[in-house]
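Accompanying notes for the structure given below.
Readers should treat all values here as calculations from the given coordinates under stated rules, not as data from a laboratory. It should be emphasised that the depicted structure is a prediction, and the values quoted were computed from it without experimental measurement. Quick reminder, even Gly has a Cβ in these numbers, built from the backbone with ideal geometry, and neighbours come from all protein chains shown.
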Amino acid sequence: MTRFEVVRTGASATGAQPATQRNVSHRGAEANPSAKALQDKFSAAIKRVDVIWAETIVYVDPAAAHEIIRWLHDDQSQQYDFLIDVTAVEYRDAEVPIEVVWHLRSLPYRRFLRIKAQLPKGAPLEIDSLWDIYKSADWLERECYDMFGIRFRGHPDLRRILMWESYKEGYPLRKDFPLRGRFSRSEQLRQALAQNPEARYSMEELTIADAFAELPQDMRERLSKGERTGE
Amino acid sequence: MSKRTVEVELSTSGLDAQGRPQRIPLVTNDGGAAVALQPPPGLEPDLEGEHMLINIGPQHPATHGVLRLVLELDGETVVRCIPHIGYLHCGFEKIGEYRQYNQIICWTDREDYLNSIGNNVAFALGAERLFGIEITERCKVLRVIASELSRIMSHLVWLGTFCIDIGAFTPFLWAFQRREEIYRLIEKWVGARLTTSATRVGGMAADIPSGWMDGLRQFIRTFPHTLDEIDRVLTRNAIWVGRTVGLGVMTPDEAINWGLSGPMLRASGVDYDVRKDFPYLDYETYDFEVPVGTNGDVYDRYLVRFEELRQSLRILQQAADRLPDGPVNIDDPRVILPPKSKATSEMESMIHHFKVVMEGPRPPIGESYVAVESPKGEKGYYMVSDGTAKPVRWRIRPPSFVNLAAIPKMVEGHLLSDVIAINASIDIVMGEIDR
Amino acid sequence: MGLTAPPEHRTVSYAPESQEGWVATRLDFLVNWGRANSLWPMPFGTACCAIEFMATAASDFDLARFGMERMSFSPRQADVLICAGRVPFKLAPIIRRIWQQMPQPKWAISMGACASTGGMFDNYAVVQGIDTIIPVDVYVPGCPPRPEGLIYGIRMLQEKVKNERSSDAGIRDEMEPDPSSQLYIPPSVIDELGEPFGNSVNQTRSGL
């Protein structure tokens, strides 16, 4: 059995030993050096750089987000190898666009970076998936889709993960979705009880399972056309 | 994937010369996965049965919560695993948008319920970053004590349930007995055993009562005996080793790419611990080691977590020795409640009390992401504030969610019973996964 | 009205046909004693209450001394369904199915605030009380209830079991949900209970 070599974090980091941050200022702290590197390389696609509470936030053009993050992952001077989180933020002000937020860590350099892309609300909410760069993006993006309705292009299996697949009330974390849901309590219960737990397999599962007969027509058509999802 | 019905004529009877059934042995290849030896000549070369689809969960004793695993099996070997989650989705993040920061602390208990007080600490750190508050020294040490006690509690549950899954029942009882001691300590401190809500923005809900430190020292003194006992029973046990070595291997690159964190990542040889690399609560001033494995299998995860229990005791000892006197809460009446004696006697304190309770403290516009090392991995709270008392967005970065996503990769090629062991080694908490 | 009952309510009538025979009552006692002291729980544990349930079953609070030695994870062999933890809507058909798989005699304990009423999760995702989905015998409040609280609830269930009578014809009949709504409580009642806060434009009236 193979034994792995221990990978030390901070192997490429310079400077002092890491310490608890003290007296962090609201704005104006020093930015992560990656922000400058990004601005040098992708000048047009970088909309803005903010440093709030000593965290660097880089606003990027949604169309270029995948390329930028691919560069951040592959480039030797950046090496952002750890995708912490993919999420989205919708503000209470209806005019402000929805932001897709990526949190990245560089373990060799011990850096943290937040990348944001703004998706205006009038257009369909779509952005490229990071699944080909980070496998951890798989479920994180599915959850983002489930809660916000943002479609990730290139994701192998974009379906709901926390709510059931035929959930009709909408996308829960949107601000126009009421806290207690859109339907009355008894209607929510009726819909919940009407789910057939066994019919909710993924595409591959369905070719094997006996639930084929209970599938909705469009899913059967997709299966018969040979559609496969990459799981 | 191919599927064949089992209507082929067997060229052998399946029995050897003594009439015993012939078995296909499994060996591990270089990557550590279990593969079948090529069948000896004489058996039908491509005898492949129909793949079976079985469903584990969501109600199942060994899934550690309401997790559903759909497995495609070729005999006993898993060809593919598809996990389904969401059976405990309770809308935490949505409800966080309708609650003040101090009210959200109650929700952080229920989310990762094995690490409740650790979650309280994590959230309070995140909120204090958002508010721009520095907490007192005493509060920092108390929070370190709370986090490490919480780590011990969580690892003990993991140990107990992991043992039950592999088949050993007694360590579960030993572990829960020690947990009761910690529960009693925590109950003396904050009043609740499990859902503690022990922190507040700017401090703690309460200071430790007198005599509490003696109870803690007593626990630190006696706990290693239990650890040694469990160690003696399990670590070099042939059954234990045989059932856990070589399972569910993740290489370091895979582990980083799949976003694993915590003991899952460290068992694969990546030395990343948030307490060491992005420290908080002055963890850089404590003398402790972070165990790192080298094989990335279930046995290494067990060893890593076991050693973390011992290291947590070390930190607890140091924290207990260095606990400074002084106030626990910061002295900012806009953020934290004044002492009750003042609130009932002074007008100004009463008004502050009223405003903090009814309106809630308001942070400046901004956002913060603070990560702590929870027993499961990197636990992060991302909060976005628009200047009001309720956050615009409260995001929980759940370590178990990201760790569990790797299970299809880990169980491929293993046996059905190994699936249970691998699932147990991830240490998942469905409350955190589904939120 | 006052505290005294009207005169006609103070007498109790013993119609001859309502009396049970001595053998029947002794048999009832024996059967109920056996059932109450050997309830095999089906722990439907979802969240924090499940951890407290595990602590209750462990050595400090030991459920085995009440007869609940064997946790039966198969509903076919269980007597009492202990729903410990919050039940979201996605889990609702599962708990319904598990309840239907349990054979009579069966009882249900709703452990914790979330299982009894939805608890602190008054939102789109959580069932506001599992009694809308399955018939519940004992509710144990708490968040989570202390082990002593759960034991009190189990003892209460044992009392309920011991008070059952075989002459009560329909007691072990399977309680069926209303066929049109598939719910155990009328939909109008469920909606009315949720009314003060929810599912209307007034949802954020108090900010809650």
- request: Rank B:Leu185, B:Leu260, B:Leu234 by mean-square fluctuation in a GNM of chain B with C-alpha springs under 10 angstrom and give only the top-ranked residue.
  value: B:Leu234
field: Computed Kirkwood radius, in angstrom, where 1/r is averaged over Cα pairs of the stretch C:61-140
entry: 13.0 Å
statement: The Cα radius of gyration of the stretch B:126-230, divided by 2.2 N^0.38 Å with N its residue count, comes to 1.22
- request: Give the long-range amide H neighbours of C:Leu183: residues separated by 5 or more places, or on another chain, with amide H under 5 Å away, using H modelled in the peptide plane at 1.01 Å from N.
  value: C:Asp178
query: When all C-alpha to C-alpha distances in the stretch A:22-162 are sorted into bins of 10 Å, what percent of pairs does each bin hold, rounded to whole numbers?
result: 12, 42, 35, 11, 0
message: In whole Å, what are the extents of the stretch A:107-149 along the principal axes defined by its C-alpha atoms, from largest to smallest?
response: 40, 20, 17
- prompt: When the chain is fully extended, how far beyond the present Cα-Cα distance does C:Val189 get from C:Asp168, taking 0.36 nm per residue of separation?
  reply: 4.8 nm
task: Against the globular-protein guess of 2.2 N^0.38 Å, express the Cα radius of gyration of the stretch A:41-119 as a ratio, rounded to two decimals.
output: 1.09
- request: Would you calculate the separation in nanometres between label points at A:Arg48 and C:Thr25, each defined as 7 Å from the Cα along the Cα-to-beta-carbon direction?
  value: 8.2 nm
query: Using a Gaussian network for chain B with springs between C-alpha atoms less than 10 Å apart, which of these wobbles most: B:Glu148, B:Glu373, B:Glu307?
result: B:Glu307
- prompt: What relative contact order, as a whole-number percentage, does the stretch C:35-200 give when Cα pairs under 8 Å and 6 or more residues apart are counted?
  reply: 21 percent
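Counting other beta carbons within 10 Å of each residue's own, what order do A:Glu126, B:Glu180 fall into, fewest first? List each step's numbers first, then the result.
Values: A:Glu126 12, B:Glu180 16.
Result, fewest neighbours first: A:Glu126, B:Glu180.
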Cα extents of the stretch B:218-276 along the three principal axes, largest first (Å): 40, 32, 12
query: Pick from B:Cys90, B:Cys139, B:Cys106: which is most flexible by mean-square fluctuation in a GNM of chain B where alpha carbon atoms under 10 Å apart are linked?
result: B:Cys90
- request: Give me the aspartates and glutamates in straight-line cross-link reach of C:Lys106: C-alpha distance below 15 Å, same-chain residues under 8 apart excluded.
  value: C:Asp79, C:Asp131, C:Asp137, C:Glu159, C:Glu164, C:Asp173, C:Glu174, C:Glu176
- line: Compactness check, the stretch C:18-163: C-alpha Rg relative to the 2.2 N^0.38 Å globular estimate gives 1.07
message: So if the hydrodynamic radius of the stretch B:282-427 is defined as the Kirkwood radius over C-alpha pairs, what does Stokes-Einstein give as its diffusion coefficient at 37 °C and 0.692 mPa s, in µm² per second?
response: 166 µm²/s
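Report, as a whole number in µm² per second, the diffusion coefficient that Stokes-Einstein gives for the stretch B:65-209 at 4 °C and 1.567 mPa s using the Kirkwood radius over alpha carbon pairs. All intermediate terms of the calculation are to be shown ahead of the outcome.
Numbers: Rh = 17.3 Å.
Translational diffusion coefficient: 75 µm²/s.
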message: Only counting other Cβ atoms within 10 Å, I'd like B:Thr244, B:Thr226, A:Thr2 sorted with the fewest neighbours first.
response: A:Thr2, B:Thr226, B:Thr244
message: What is the angle, in °, between the Cα long axis of helix B:170-190 and the longest principal axis of the Cα atoms in chain B? Nearest 10 is fine, range 0 to 90.
response: 10 degrees
message: Sequence gap at least 6, Cα distance under 8 Å: using those rules, report the relative contact order of chain B to the nearest whole percent.
response: 23 percent
task: Whole Å is fine, so just give me how far the alpha carbon centre of the stretch B:229-271 lies from that of the stretch C:161-176.
output: 52 Å
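Taking 30 Å as the cut-off for C-alpha to C-alpha distance, list the pairs among A:Lys168/B:Lys355; A:Lys116/B:Lys276; C:Lys90/C:Lys162 that go past it.
Violating the 30 Å Cα-Cα cut-off are A:Lys168/B:Lys355; C:Lys90/C:Lys162.
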- prompt: Among the trypsin sites (Lys or Arg not before Pro) within the stretch B:208-283, which fall in a DSSP loop and have no more than 15 other Cβ atoms within 10 Å of their own Cβ?
  reply: B:Arg236
field: Degrees, to the nearest 10: B:137-166 long Cα axis against longest axis of chain B
entry: 20 degrees
- prompt: Excluding B:Glu346 itself, what net charge comes from residues whose Cβ is under 15 Å from its Cβ, given Lys and Arg +1 and Asp and Glu -1?
  reply: +1
message: Based only on other Cβ atoms within 10 Å, what is the fewest-to-most ordering of A:Phe177, A:Phe152, B:Phe162?
response: A:Phe177, A:Phe152, B:Phe162
- request: Please work out the Cα convex hull volume for the protein assembly as shown and give it in Å³ per residue.
  value: 221 Å³
- prompt: Dipole of the stretch B:90-211 (Lys/Arg Cβ +1, Asp/Glu Cβ -1, origin at the Cα centre): which of B:Gly211, B:Asn102, B:Phe176 lies farthest to the positive side?
  reply: B:Gly211
